[in-house]
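In what follows, a structure is listed as structure tokens, so that the remarks can point back to it.
The values are calculated or read from the model by the stated rules, or taken from the named source; none is laboratory data. These numbers come from a predicted model, not from an experiment. Methodologically, a virtual Cβ is constructed for each residue, glycine included, from the backbone with ideal geometry; neighbour enumeration extends over all protein chains shown. Ligands, DNA and RNA are excluded from the accessible area calculation, which covers all protein heavy atoms including side chains. Shrake-Rupley method; radii C 1.70, N 1.55, O 1.52, S 1.80 Å.
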Amino acid sequence: MTTNLNQLANAVRFLSIDAVQKANSGHPGMPMGMADVATVLFKEHLNFNPQNPSWVNRDRFILSAGHGSMLLYSLLYLTGYKDFTMDELKNFRQMKSICAGHPEYKKNSGIETTTGPLGQGLGNAVGLAIGEEIYRKKFSSSVVDHKTYAIASDGDLMEGISHEAMSLAGHLKLKNLIVFFDNNKISIDGPTSLSTSDNYKKRFESYGWNYLEVNGHNHRQISNAIKKASKSKKPNIISCKTVIGFGSPNKSGKSSAHGSPLGDEEISLVRKKLKWPHASFEIPENILKNWRKIGEKGITLEKKWLSDLDKKNSKIKKELDLIQNNSNLETLDSLINAEKEKFFKEKPSKATRECSSITIEAVTKLLPEIIGGSADLSGSNNTKTKNSKVISSKNFDGNYIHYGIREHGMAAAMNGLALYGGLIPYGGTFLIFSDYCKPSIRLSALMGLKVIYIFSHDSIGLGEDGPTHQPVEQLAGLRAIPNLNVFRPADINETLECWQVALKSKNTPSAIALSRQKLPYINPSYTKKNKSELGAYVVNTTAQNHLVTLIASGSEVELALLAQKDLKEINIDSKVISMPCQELFNQQSISYKNEIIDKDVPVITIEASSINSWERYSKNNMGIETFGESAPFKEVYQHFNLTSAKIVELAKKIIKK
Ligand SMILES: Cc1ncc(C[n+]2csc(CCOP(=O)(O)OP(=O)(O)O)c2C)c(N)n1
Ligand SMILES: [Mg+2]
């Protein structure tokens, strides 16, 4: 151990201890325990440039054990990231501070991503490592040659998602992924022996990982293990035996160090024990200088990388810019319009999952940065097209990932792919299993990532598979997530439009719900305008002074149009509105909303799903309030009163009032 490294690590420790104490809230134990590992990594191995946190070839560092966020903030301050000032450290966990409780992600700040929900960061790291391999293949290993590092705690590795993520990483042989396991054998309830007896070596080796073990306070061992891992042909996990709350005479090695401030008295004992006589938040000049020098190395690294890139053929540079900026999106509109015009003439009856497939096939030709996949339902989700090229451990020159039956892992990896930069991930499963993706979907939305979730088999319309597979509450649940656009297109025209919005959304993920069953073409006229972008639009009105408005989404637009015909036969005029995206409609101007939904006309909403999200538009909601039924889909619709006759009956009732 060199004194120098000890002092550098202690700077991380004390900033973390002091910030948690000042905030009177936070987690000091993990930063104290992992300060040595992080210091060795940042000083001797990590390539990064605090002057440009978005440098393409930087090593990625993910803090999966995000509760230890002060570790990251301390490192970002010490190495000189401009957003992380001493004042911000002192503002830890206060309103709007960049040093929030769990940092998640802030573009171009130095935070790659971290986990509030344990395990997610590990899944993100796998996605980032896949992204890196894709980039390396596209732009050559002399342009992209970095690593993905992550810190994971006992909790991260107990979570089920860690199994999916690590199993996938092992299968894909992501050799540039290096995970540090903070093996302190302590979690909140006490020693981990209360709840786990896993043999980690066997567990991780069985996934196809390289397993290394070090004393997490021995700098030489740590550095040597990183060197070893850097040369391995497999993903790497370095188990670091650490002491939680390292340096605290009364709390080290105990769960009491995990999640509360140490207290002034204990902190002064730690200062004595670690021989750190400096005041709270005080970092001696020579130590800060040393840390800043570590950061400054990155300026030279990036400069060299840029000049090497300049010397390469200009095609690579151009392509890198193109993908980084999604520049081809500029021509997306004309592609979508050409498709819309073609299908307006054809007016095909198709399941919207097929419509999505047609869209994917068209857009992937234009955008090589789209990376698709499915959790073993490629044929059912229609996510794989003839333009899909499968990625494997032997070849990352592709755009499609067989994620296996790993919905949690797939969704977390998609967040990682989006975080990598430039890549646009989409991935499919049945809508019912969106529940298995939910924690990651929530994080896509929270972090504002362009991730596209493809959810087919979106209602009781899937028929015979029955209630376990028939989503009822899923759409309402997804719609309750802030900053997530939930689309439910009704035909090929809307499907193209919804995909168009999803691809062009900068900071909003999308969930696209798609039917298993065939649906008719509904749009009466062709326009280049993206009507789905407004959330809802009028499909057909039988008279200006109509007596009832029917609002439906997806497969139920067909039903609404059928009811409109039947109503006309008994001289009741109506307006049918398709609402493929509630979130977008809710964002429109009051005048547009009033133009679409006339105030004084009674409204009926129709969706083969929970009525929960529809109640804001009407009190007359046709939907499903119980679990589904196993039968041919038309019978199931009958059973749940989702028929034209029932719509007419309700319309007659509310018009009379
Ligand atoms: C999915 C999820 N469940 C529960 C929690 C609450 N939580 C935060 S940290 C933690 C476990 C702490 O143990 P460990 O991961 O070993 O971290 P250490 O105390 O060693 O820093 C728990 C249960 C969480 N953040 N995420
Ligand atoms: Mg622990």
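Just check the stretch 374-457 against the gyration tensor rule for me: Cα atoms, a ≥ b ≥ c as the square roots of the eigenvalues, rounded for a/c under 1.5, and otherwise prolate or oblate depending on whether a/b exceeds b/c.
It comes out oblate by the Cα gyration axes.
Here the dipole of the stretch 1-127 is about 220 debye; that uses its Cα centre as origin and unit charges on the Cβ of Lys and Arg (positive) and Asp and Glu (negative).
What the stretch 195-247 shows is 49 Å² of accessible area per residue, with the surface traced by a 1.4 Å probe over protein heavy atoms. What nm distance separates the two modelled labels at Glu285 and Ala480, each placed 7 Å from Cα along Cα→Cβ? It works out to 5.7 nm between the two label points. Between Ser589 and Lys107, the FRET efficiency from the beta-carbon distance, with R0 = 30 Å, is close to 0.55. Using only the Cα atoms of the stretch 133-260, build the gyration tensor, take square roots of its eigenvalues as a ≥ b ≥ c, and label the shape rounded, prolate or oblate: rounded if a/c is under 1.5, else prolate if a/b is larger than b/c, else oblate. In terms of gyration-tensor shape, prolate. For chymotrypsin sites (Phe, Trp or Tyr not before Pro), the sites in the stretch 602-657 that DSSP calls loop and that have at most 13 other Cβ atoms within 10 Å are Phe627. Of all lysines in the structure, those lying under 22 Å Cα to Cα from Lys275, and not within fewer than 8 positions of it along the same chain, are Lys22, Lys43, Lys251, Lys254, Lys289. Rounded to the nearest 20 debye, the dipole size of the chain about its Cα centre is 1840 debye, using +1 on the Cβ of Lys and Arg and -1 on the Cβ of Asp and Glu. Here Ile655 and Thr626 are evaluated by their C-beta separation; at R0 = 30 Å the FRET efficiency comes out at 0.60. Compute the Kirkwood hydrodynamic radius of the stretch 207-291, taking the inverse of the mean of 1/r over all pairs of distinct Cα atoms, and give it in Å to one decimal. Roughly 15.5 Å, rounded to one decimal. In this label model, Asn507 and Gln94 are separated by 2.3 nm, measuring between points 7 Å along each Cα→Cβ vector. Normalised Debye scattering of the stretch 474-534 at q = 0.13, 0.23 Å⁻¹ gives log10 I(q)/I(0) of -0.37, -1.01, counting only Cα atoms as equal scatterers and leaving out solvent. Counting only residues at least eight positions apart within a chain, or on another chain, the aspartates and glutamates with an alpha carbon under 18 Å from that of Lys234 are Asp59, Glu132, Glu133, Asp145, Glu164, Glu205, Glu213.
Here the stretch 468-483 is scanned for amide nitrogen atoms under 12 Å from the site 7 Å beyond the Cα of Ser25 along Cα-to-Cβ, giving none. Selection among Ser197, Met158, Gly127 by position relative to the dipole of the stretch 95-201 gives Gly127 as farthest towards the positive end (Cβ unit charges, Cα centre).
State which entries of Lys231/Lys312; Lys518/Lys619; Lys90/Lys138; Lys293/Lys506 exceed 32 angstrom in Cα-Cα distance in the structure shown.
Lys90/Lys138; Lys293/Lys506
Subtracting the Cα-Cα distance of Lys312 and Lys389 from 0.36 nm times their residue separation leaves 25.0 nm of extension gain. Peptides 597-610, 287-300, 542-555 ranked from most to least packed by the mean count of surrounding Cβ atoms within 10 Å: 542-555, 597-610, 287-300. The trypsin sites (Lys or Arg not before Pro) of the stretch 164-254 that meet both conditions, a loop assignment by DSSP and at most 10 other Cβ atoms within 10 Å of the site Cβ, are Lys231, Lys233.
Per residue, the average separation of C-alpha pairs within less than 8 Å and at least 6 apart gives the stretch 109-188 a relative contact order of 38 percent. For the modelled label position 7 Å from the Cα of Leu322 along Cα-to-Cβ, which residues of the stretch 490-509 have backbone nitrogen atoms closer than 15 Å? Those under the cut-off are none; the list is empty. Relative contact order for the chain: 12 percent, from Cα pairs under 8 Å spaced at least 6 residues apart, divided by residue count. Loop-located trypsin sites (Lys or Arg not before Pro) in the stretch 102-171 (DSSP state not H, G, I, E or B) with no more than 14 neighbouring Cβ atoms inside 10 Å: Lys107.
For the chain, the antiparallel share of DSSP beta bridges with both residues in that region comes to about 15%. Over 31 Å apart at the Cα level, from the set Lys106/Lys593; Lys531/Lys565; Lys531/Lys599; Lys233/Lys384, are Lys106/Lys593. If one computes P(r) from the Cα atoms of the chain, what percent of pairs lie at distances over 31 Å? When all Cα pairs of the chain are counted, 55 percent exceed 31 Å. Quick one: grab the alpha carbon gyration tensor of the stretch 530-657, order the square roots of its eigenvalues as a ≥ b ≥ c, and give me rounded if a/c is under 1.5, else prolate or oblate depending on whether a/b is larger than b/c. Judged from the Cα gyration tensor, the stretch 530-657 comes out oblate (a/c at least 1.5, b/c at or above a/b).
Most simply put, the stretch 513-621 has about 25% antiparallel DSSP beta bridges, counting only bridges with both residues inside it. For Lys315, a cut-off of 17 angstrom between C-alpha atoms picks up these aspartates and glutamates, skipping any fewer than 8 places away in its own chain: Glu369.
In this Cβ point-charge picture (+1 for Lys and Arg, -1 for Asp and Glu), the stretch 127-240 has a dipole of about 780 debye about its Cα centre. Scaled to the globular estimate 2.2 N^0.38 Å, the Cα spread of the stretch 284-353, given as radius of gyration, is 2.20.
Identify, among Tyr420, Asn387, Ile481, the residue whose Cα sits farthest towards the positive end of the charge dipole of the stretch 360-492, taking +1 on the Cβ of Lys and Arg and -1 on the Cβ of Asp and Glu, with the dipole about the Cα centre. Positive-end residue among those listed: Tyr420.
Spin-label model, Glu533/Glu330: points 7 Å from Cα along the beta carbon direction are separated by 1.7 nm.
Candidates Gly295, Ile62, Phe396 compared by Cα position along the dipole of the chain: farthest toward the positive end lies Gly295, with charges placed on Cβ.
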